[in-house]
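The values are calculated or read from the model by the stated rules, or taken from the named source; none is laboratory data. Everything numeric here is computed off the predicted structure, so don't read it as measured data. FYI the Cβ positions are ideal-geometry reconstructions off the backbone, even for glycines, and counts take in every protein chain you see.
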Amino acid sequence: MITWEDLESHATENGFIPQELYREHARHFRVCPMQPKEVEDAEAEIWDIYLSTMRKGKKQRNLYSEMFRYEWYEGRKRTGFWGNIEEAVGAYCNHKAPRISVFSAGSGRDLLKVGLAAGVWSSKAPSKIKGTYKEIDPTYFQLQKPDARIIVTEFGEGNYNEMKRTITELRENNLIVPGMVYLSRWNFREKAPVASESQDMVVFSLTGNYAHIDEQPLILQEIARCVKQGGYMISSTLSTAFDFLKARGLVYRLKFFLKTPLGWPVALDFMTWQLQWAKMAGTMNKKGLWATGSAEIWADFLKPASMKKIMIYDSPCNLVPVEVLVAQKEKMDASH
């Protein structure tokens, strides 16, 4: 059987393992113990339903893609969700030709936001939409770092196809050059499709909580494997102040809705869809499969991977308390 070292030997100069080769062998390189088949089947069914839900009406759009409405509100208006990640990326990604891995779901949104924050693109949006969710639109982008190389990963087929469309749009508008953005399918319980210590920065956004607490150290340490010595890992986590079970309650859902006005244009679909997520979250949490973890806990999980805590961005939003951890891989002494 092929070894992981064999797969890494086929990586591009940017550390990206060709997807066709990776997907053929990825199942042999798990970082977490196998879950019982019924558990994996339940998770697969839940994510397939959740990620494939479509917005009703004339505009048949993947509803997950509409999440930018409340993400941007939280991020720009209340410095939550992506606000702190954007700030961290901007503060610690100073390379002219950065190598960045974005390990998270997002239908293209994560790629655009991280790229803007890292200076890969600049925004020429008019002042009337600066600082609003409408600014996250390639129409307003200008390419600033053509030597940057970014790998983005997706799990679900629907999101993967959405990401392909985003990348195609960027290419058609000359906002990326050949080989600049690489897309790969990835299951976070398997080794990541990236060579060891090849990335200047890795971003891991709101994904690790969808795993058992015993799995989270293994997943985080695997992702840290990809970071260069001196490079950074930026990860976000739902803090222990969040209760998956309470998220199912009517009071929580109403508060979430009322405090998220950018979601109102898709309210009917949005509320039904989020109710589905809340029920799903409560069920998975009761089974011990999903778990919150503070950024401090995650910092401890990362210590065996030679990652040291640089700083933690506290959650600015009690409704969805998301903390952001910035960790740096320590440089080994040359004598080692």
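With 115, 208, 156 as the choices, which residue is within 19 Å of residue 48 (Cα to Cα) and buried (at least 22 other Cβ atoms within 10 Å of the Cβ)?
Of 115, 208, 156, the one residue that is within 19 Å of residue 48 (Cα to Cα) and buried (at least 22 other Cβ atoms within 10 Å of the Cβ) is 208.
Among the residues that make up the stretch 257-265, is at least one of them crowded, with 17+ Cβ neighbours inside 10 Å, modelled with pLDDT under 80 and not in a loop (DSSP other than H, G, I, E, B)?
yes
Residue 200 fails exactly one of the following numbered conditions: (1) of a type outside the set (A, V, I, L, M, F, W, C); (2) surrounded by 20 or more Cβ atoms within 10 Å (Cβ to Cβ); (3) modelled with pLDDT under 95. What is the number of that condition?
(3)
Here is a list: 167, 151. Which entry is within 13 Å of the chain's Cα centre (by Cα) and closer than 21 Å to residue 120 by Cα?
Answer to the selection: 151.
Checking residue 85 against (1) at pLDDT below 90; (2) surrounded by 22 or more Cβ atoms within 10 Å (Cβ to Cβ); (3) farther than 22 Å from residue 219 by Cβ, which single condition isn't satisfied?
Every listed condition holds for residue 85 apart from (3).
Which numbered condition in (1) more than 18 Å from the chain's Cα centre (by Cα); (2) closer than 24 Å to residue 33 by Cα; (3) in a loop (DSSP other than H, G, I, E, B) is the only one that residue 318 fails?
(2)
Does residue 128 fit the bill of being in contact with a strand residue (DSSP E or B) (Cβ under 7 Å, 6 or more places away or on another chain), free of Cβ contacts under 8 Å to residues at least 24 places away in the same chain and either farther than 26 Å from residue 323 by Cα or in a strand (DSSP E or B) (or both)?
no
Return the only residue of 221, 229 being at pLDDT 95 or above and in contact with a Leu (Cβ under 9 Å, 6 or more places away or on another chain).
Every option except 221 fails the conditions.
Conditions tested, residue by residue: (1) outside any loop (DSSP other than H, G, I, E, B); (2) small (Gly, Ala, Ser); (3) farther than 29 Å from residue 228 by Cβ.
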site: 283; (1), (2), (3): yes, no, yes
site: 288; (1), (2), (3): no, yes, yes
site: 292; (1), (2), (3): no, no, yes
site: 298; (1), (2), (3): yes, no, no
site: 302; (1), (2), (3): yes, no, no
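Determine the pairs where a residue that is modelled with pLDDT under 95, located within the stretch 297-319, has a partner that is assigned to a helix (DSSP H, G or I) with Cβ atoms under 7 Å apart, the partner being 6 or more residues away or on another chain.
What qualifies is 313/84; 313/88; 317/74; 319/255; 319/256.
So which pairs qualify, if the first residue must be in the stretch 94-118 and closer than 14 Å to residue 135 by Cα and at pLDDT 90 or above, the second must be assigned to a loop (DSSP other than H, G, I, E, B) and of a type in the set (A, V, I, L, M, F, W, C), the Cβ gap must be under 7 Å, and the two must be at least 6 apart or on different chains?
none
Return the total of residues in the stretch 164-186 being at pLDDT below 95, surrounded by 17 or more Cβ atoms within 10 Å (Cβ to Cβ) and part of a loop (DSSP other than H, G, I, E, B).
1
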